[in-house]
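Notes to accompany the following structure.
The values are calculated or read from the model by the stated rules, or taken from the named source; none is laboratory data. Because the structure is a prediction, the values reported are computed rather than measured. All Cβ positions, glycine included, derive from the backbone under ideal geometry; neighbour counts span all protein chains shown. The accessibility values were calculated without ligands, DNA or RNA, using every heavy atom of the protein model including side chains. Shrake-Rupley method; radii C 1.70, N 1.55, O 1.52, S 1.80 Å.
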Amino acid sequence: MTNERTEAQQKTRRLIAIILVVLLGLAAVVAIVLSLVSASSNSGSTEPTDSASGTETSPAEATADPGDPRGEVVDSTVTEQGLVAQPITDDMREYAIEAAKALVTVDSTKVDRTQFKEYIAGWVGYDQRYGTELSELESVRSDRLNEIYNRLIGDTSRWDLLARDNSVIVGAFADDLKVDYDHATFDDGSLDDLIAVDLHTITVGLEITTTADQSGNSLEITDPLSVSMQIQCKGSYPVPPTTQAPGDCTVIRYFPEFFN
């Protein structure tokens, strides 16, 4: 790529930058540290502004039927919609990479905002630190989902922008994965309580490739982006109905703050 860009190329970069900001919304690293401290001491419940659907199924039914083959992923058909299939695994690193890709991978020609919300909700399990009753589990999870819906996925007007240009966004692993104290921002001992209950803070480095159709011209650009989340495998509580079982990895929280 030459150093000089044409006016059209500059407009293209601004368009793609807007799309990425719309979907993700980057924030300072220090905000993640504050979020982690809050999460380890209390539920940090916020007043939801976008209702998250719950379930009336008892948590005890989360265990998969031993008579049914579980397969390697929860639902392989989502790939037909340009989404990432959720793996059934107890490999924390493998799961984290796919979970990071899932949050940023979307084909606006096949999936709308409502469908993407329902899909992302399928990655988020119960956080048992704040109680074991179904109502308690659902309350915390509802707050976490609303955080994702309002601060990461965005409102319908933002999705209208993606759909207008037939935007397709794909996340690919960039060979950069940090787990717990691999993050230089965390002091020794600050995450010990989380690690003790197998809650791990993971940041995955991705390359985000965005294609869009602007005035009949197909445009493509690739930029780096990192996604941070909490994942639990051992002791996990997947939300039914699912072919996952306790002990399979699940996202506990996607952080609205991202490492640049």
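Apolar share of the accessible surface for segment 84-224: 43 percent from carbon plus sulfur atoms, 1.4 Å probe. To the nearest 0.05, how large is the calculated FRET efficiency for Ala174 and Gln115 if R₀ is 35 Å and r is the Cβ-Cβ distance? Efficiency at R0 = 35 Å is approximately 0.85. Rounded, prolate or oblate, given the Cα gyration tensor of segment 116-211, with a/c below 1.5 counting as rounded? In terms of gyration-tensor shape, oblate.
Within the straight-line cut-off of under 14 Å between alpha carbons, the aspartates and glutamates reachable from Lys234 are Asp90, Asp91, Asp127, Asp198, Asp248, sequence neighbours fewer than 8 places apart in one chain being disregarded.
What is the sum of charges, Lys and Arg at +1 and Asp and Glu at -1, for the other residues whose Cβ falls under 13 Å from the Cβ of Asp182?
On the way: positive: Arg93, Lys178; negative: Asp176, Asp180, Asp188.
Spelling it out: positives minus negatives among the neighbours equals -1.
First check a/c for segment 184-260, with a ≥ b ≥ c the square roots of the eigenvalues of its C-alpha gyration tensor; if it is under 1.5, answer rounded, and if not, answer prolate when a/b is larger than b/c or oblate otherwise. Oblate. Take the Cα of Thr89, step 7 Å toward its Cβ, do the same at Glu207, and the gap between the two points is 2.0 nm. Label-to-label distance for Ser135 and Ser215 is 5.9 nm, based on points extended 7 Å past Cα in the beta-carbon direction. For Val73, the amide hydrogen comes within under 5 Å of the amide hydrogens of Ile88, counting only partners 5 or more places away or on other chains and with H modelled in the peptide plane. Comparing Cα centroids, segment 73-114 and segment 198-232 end up 12 angstrom apart.
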